[in-house]
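A.B. asks: Have a look at this one.
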Amino acid sequence: MKPAVTAFLIGAVALFLNACGQRSAEANPAATSQPAKPAYVGATYAPSLKKQPSVTAMTDLGRIMFSDPSLSASGKMSCATCHSPEHAFGPPNNLAVQLGGKDMKTLGTRAAPSLRYIQNVPAFTEHFFDDDGDDSIDAGPTGGHNWDGRAPSTHDQARIPLLSAHEMGNAGPAEVVEKLKKAAYAGQFRQTFGEDIFDKPEQAFKWALMALEVYQESPAEFYPYNSKYDAFLRGQTQLSKQELNGLRLFNDPAKGNCASCHISGIAPSGAFPQFTDYGLIAIGVPRNKHIPANADPKYFDMGLCGPDRTDLKEKTEYCGMFKTPSLRNVAMRQVFFHNGAFDSLEKVMQFYVQRDTQPQKWYPRNKDGSVDKFDDLPVAYRDNVNVEAPFDRKPSDRPALNDAEIKDVIAFLKTLNDGYTKQ
């Protein structure tokens, strides 16, 4: 439709609705005495400030806040401590879980994920349908931020580490705002959101979270699409023979079958792949004995059904499910999976193809000598664990990939690291 025609139709509809509104008010004078509040009142993005902040100003402020350790109870931890810009906004070390809290000695329960390529994460839903024109396939629990998908947006996610006892350790929003008032950039905060922004701590905290979210929407820093694989998709470079074979194995449903969850192709819309379907899945990662919480045999991190997420705790069919992360920059990581159980890509790949063919290699034994398979999940929920390829084999079967093929897949995964420059 031509722009001029569209504009005419929009104007005509607006006049019609306005006329209807006038007739309604004339018919019912009481309707004009108490005008309805605008629909946006109370919404997260509501224009509640006298001065509406610009994207540039919030981006600049969010960048400063992201690296400010004074916003933590210890004064030593910032967002960048666990999400290092130099490490694709993932952890800078090989700790399974990071140290935090008021004394910087408290270990968390989950590994820090990368914050890159999360700009398109949908809000969590139990029933997700791909935008492919076929609504007959229910992909199940999908979306949301954090390993359990409980945060519907990036600003909701930012709230969690700021107030978590084992992360930045603030007692509440007001404590964060007090720190912002004393920060070297407090004047910049006022300039961005208004001179009276600190008069209402709850509103100031909300806009602080929004600044962090807007910063994390910066393309050059958070979704640059400048890996070797991106250059390959643009026709700007070629993959090596080993990398191409790794891609083939990655995509092959009878081999790695990785692309079934870590989508590798350009979308019908033309969007480059995120290397995740945003789904949540149970794959039975071994229990990590290095996490202090796991010293309690009654403690289980079951992802979607608790303990951190509480709204789905009665839906036991979800127990053991965790977010499928993007594999972009995965070769830069030093720990893998939600509990940091493995410290190399080689071990990750071996686990994938040997979980069912050699379970004794990955899980402890019970007192009777049997293998305690899926030991990080209560026995009652172990049927939730995925059994699709390559998790469809028996101890007598060959693994889906041999050692040489695993090396080829890893060679391909390294092409997903950002910052590629053609040699």
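A.B. asks: R0 = 30 Å: FRET efficiency of THR56 with ILE160, Cβ-based, nearest 0.05? Kindly include the intermediate steps, with their values, before the conclusion.
C.D. replies: Details: r = 27 Å, r/R0 = 0.88.
In this case the efficiency is close to 0.70.
A.B. asks: Relative contact order of the chain: what whole-number percent is it, with Cα pairs under 8 angstrom and at least 6 residues apart?
C.D. replies: Working: 688 pairs, mean separation 72.2, N = 423.
So the answer I get is 17 percent.
A.B. asks: Computed FRET efficiency, Cβ-Cβ of TYR225 and ALA123, R0 25 Å: what is it to the nearest 0.05? Intermediate values should be presented prior to the final figure.
C.D. replies: Details: r = 23 Å, r/R0 = 0.93.
For TYR225 and ALA123, the calculated efficiency is 0.60.
A.B. asks: In what sequence, highest mean first, do 214-222, 390-398, 200-208 appear when ranked by Cβ atoms within 10 angstrom? Before the final figure, lay out each step's value.
C.D. replies: On the way: 214-222: 17.1, 390-398: 12.3, 200-208: 19.1.
For the peptides 214-222, 390-398, 200-208, the packing ranking is 200-208, 214-222, 390-398.
A.B. asks: Once the other residues with Cβ under 13 Å from the Cβ of HIS290 are scored (Lys, Arg +1; Asp, Glu -1), what is the net sum? Before the final figure, lay out each step's value.
C.D. replies: Values: positive: ARG110, ARG287, LYS289; negative: ASP343, ASP376.
Result for the local shell: +1.
A.B. asks: Going by average Cβ neighbours within 10 Å, how do the peptides 342-349, 266-273 rank, with the highest at the top?
C.D. replies: Numbers: 342-349: 17.2, 266-273: 11.9.
Ranking the peptides 342-349, 266-273 by packing returns 342-349, 266-273.
A.B. asks: Would you look at the GNM of the chain, springs on alpha carbons closer than 10 Å, and say which of ASP368, ASP196, ASP403 moves the most?
C.D. replies: Most flexible of the set in this elastic network: ASP368.
A.B. asks: Something else about it: With a 10 Å cut-off between alpha carbons and a GNM built on the chain, which of GLY369, GLY169, GLY194 moves the most?
C.D. replies: GLY369
A.B. asks: Another one. Rounded, prolate or oblate: which fits the chain when a ≥ b ≥ c are the square roots of the eigenvalues of the alpha-carbon gyration tensor, with rounded for a/c under 1.5 and prolate only if a/b beats b/c? All intermediate terms of the calculation are to be shown ahead of the outcome.
C.D. replies: Values: a/c = 1.75, a/b = 1.48, b/c = 1.18.
The shape class here is prolate.
A.B. asks: Between LEU107 and THR237, what FRET efficiency comes out of the Förster formula 1/(1 + (r/R0)^6) with R0 = 51 Å and r the beta carbon distance, rounded to 0.05?
C.D. replies: Values: r = 42 Å, r/R0 = 0.82.
It comes to 0.75.
A.B. asks: Mind checking the per residue accessible area of the range 182-326 for me, 1.4 Å probe, whole number of Å²?
C.D. replies: Ligands and nucleic acids excluded, the figure is 46 Å² per residue.
A.B. asks: When the chain is fully extended, how far beyond the present Cα-Cα distance does ASP383 get from ALA186, taking 0.36 nm per residue of separation? Provide the component values of the computation, followed by the final result.
C.D. replies: Numbers: separation 197, 0.36 × 197 = 70.92 nm, distance 5.24 nm.
Extra length available between ASP383 and ALA186 comes to 65.7 nm.
A.B. asks: Going by a ≥ b ≥ c, the root eigenvalues of the Cα gyration tensor, does the range 196-298 fall in the rounded group (a/c under 1.5), the prolate group (a/b larger than b/c) or the oblate group? Walk me through the intermediate numbers first.
C.D. replies: Values: a/c = 2.88, a/b = 1.32, b/c = 2.18.
Note, shape of the range 196-298 comes out oblate.
A.B. asks: For the range 81-161, what's the relative contact order in percent, using C-alpha pairs closer than 8 Å and at least 6 residues apart?
C.D. replies: Values: 113 pairs, mean separation 15.4, N = 81.
Computed value for the range 81-161: 19 percent relative contact order.
A.B. asks: A follow-up question, please. Exceeding 26 Å between C-alpha atoms, which entries from my cross-link table qualify? They are LYS241/LYS361; LYS206/LYS298; LYS37/LYS181; LYS298/LYS407; LYS179/LYS206. Display every interim value, and only then the final one.
C.D. replies: Working: LYS241/LYS361 31 Å; LYS206/LYS298 37 Å; LYS37/LYS181 32 Å; LYS298/LYS407 38 Å; LYS179/LYS206 14 Å.
Where the Cα-Cα span goes over 26 Å, the pairs concerned are LYS241/LYS361; LYS206/LYS298; LYS37/LYS181; LYS298/LYS407.
A.B. asks: Additional query: Rounded, prolate or oblate: which fits the range 125-233 when a ≥ b ≥ c are the square roots of the eigenvalues of the alpha-carbon gyration tensor, with rounded for a/c under 1.5 and prolate only if a/b beats b/c? Working shown, then result.
C.D. replies: On the way: a/c = 2.51, a/b = 1.72, b/c = 1.46.
Because a/c hits 1.5 or more and a/b exceeds b/c, the range 125-233 counts as prolate.
The values are calculated or read from the model by the stated rules, or taken from the named source; none is laboratory data. Bear in mind that the values here come from a model prediction, so they are computed numbers and not experimental data. Counting neighbours? That spans all protein chains shown, and the Cβs are built from the backbone with ideal geometry, glycine included. Calculation scope for accessible area: heavy atoms of the full protein, side chains included, ligands and nucleic acids excluded. Shrake-Rupley method; radii C 1.70, N 1.55, O 1.52, S 1.80 Å.
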